[in-house]
Amino acid sequence: MSEKTYRYVVIALAVLLAGAGLFLAVNSMPQPVEAQSATGTAAVLPRTITVVGEGTVAVVPDVASVQIGVEMTGDSAEQASADVSDTMDAVLAALTKLRIPTKDVQTSGFNIYVERPTGPDGQPSSDVIYHVSNSVTVTIRDLSKVGDVLEAAIAAGANNIYGVNFSVGDPDTVMAEARKKASEDALARAEELAALHDVAVGELISISEVISGNAVPMASVNASYALGKGGGPLAPGELEMTAQLQVVYAIADAAAQ
C-alpha cells in the first residue's frame, strides 16, 4: 500500500470513529420522563353537607305610602298646568295641617299629553285638549292618619289616589330575627340529611346569605278613590320578611347508634 493510500484509509477511519462517537453521545443523553403525582392517586373531594335554611317572621306594618295625584284638562297647556298647580298647592297645604313632614312628601310624576277628539266624520277635529297631571308620594308613619290623609287630599281637589302600600320602618331588627330562624333551620336540615346517611354533622365550614330574601305582603291594599268618594276602610294586614342562608358543614364520624 502506498503512503498516499495509507493516509486516505487513516482519514476515513477517523471520520467513521468520530461519527460513531457522536451517535453514541446523542443517544446516551437523558430522556424526559412524564411527571406523576406524589401519591399516584386521585384527589379526594371534601366530605361536606350543604343546605339552605329559611326563616320567616310575620310583622304588623307601621308605615304606609300612597300616591296622590291631580289631573286637569284645558284648552292650553298653560291653563291646565296652572289649574293643576293650584290644586296641588291645596293638597300640600292639607297635608301640612295634618303634620305630615315635608321630607315625607315627594313628587313622583308630572305629565302632559295632548288629545285630539274625533269628529262626526271619524276624522280628528281641529280641537285640542291638553291633559296635565301631577302626583306626589306621601309616607305616613302613623297608620291612624291614613284615612285622614286620603280624605283631606280628596277634599282639597285630588282626583287620583293610587295603591296604598304598607311596610316596616325598621326592617333590620325583623331581618335579624329571620336570619336567626334561618340558621336554626339550616342546622336542622343538615342533621336530618346526616341521619339519613348514618353520618354526623361536623364543624361549620362556611355560611352566606341568599340575598333574594325580602318582605312579602300577606295582604296588599289598593284603594280606589274618585272625585270625593272614599273606597272604604283600609286594612294594613301583616308582612312576611324572609331570610335565607346557605350553610356548609363538615361530615363527622358515623352517628352513634
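So that you can scan it fast, the table gives a plain yes or no per residue for (1) in contact with a Lys or Arg (Cβ under 9 Å, 6 or more places away or on another chain); (2) in contact (Cβ under 8 Å) with a residue 24 or more places away in the chain; (3) more than 30 Å from PRO171 (Cβ to Cβ):
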| site | (1), (2), (3) |
| --- | --- |
| VAL52 | yes, yes, no |
| THR73 | no, yes, yes |
| ASP86 | no, no, yes |
| ALA90 | no, yes, yes |
| LEU150 | no, yes, no |
Confirm whether GLU34 is charged (D, E, K, R), modelled with pLDDT under 95 and either in a strand (DSSP E or B) or surrounded by fewer than 18 Cβ atoms within 10 Å (Cβ to Cβ) (or both).
yes
Hey, can you tell me all the residues within the range 72-91 that are surrounded by fewer than 18 Cβ atoms within 10 Å (Cβ to Cβ) and either assigned by TED's automatic domain parsing to the domain that holds MET241 or of a type in the set (A, V, I, L, M) (or both)?
ALA77, ALA82, ALA90
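Conditions (1) within 30 Å of GLU238 (Cβ to Cβ); (2) of a type outside the set (D, E, K, R), marked per residue:
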| residue | (1), (2) |
| --- | --- |
| ASP89 | no, no |
| LYS103 | yes, no |
| PHE110 | no, yes |
| ARG141 | yes, no |
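The values are calculated or read from the model by the stated rules, or taken from the named source; none is laboratory data. All of these numbers come straight from a predicted model, not from anything done at the bench. Every residue, glycine as well, gets a Cβ built from its backbone with ideal geometry; the counts of neighbours run over all protein chains shown.
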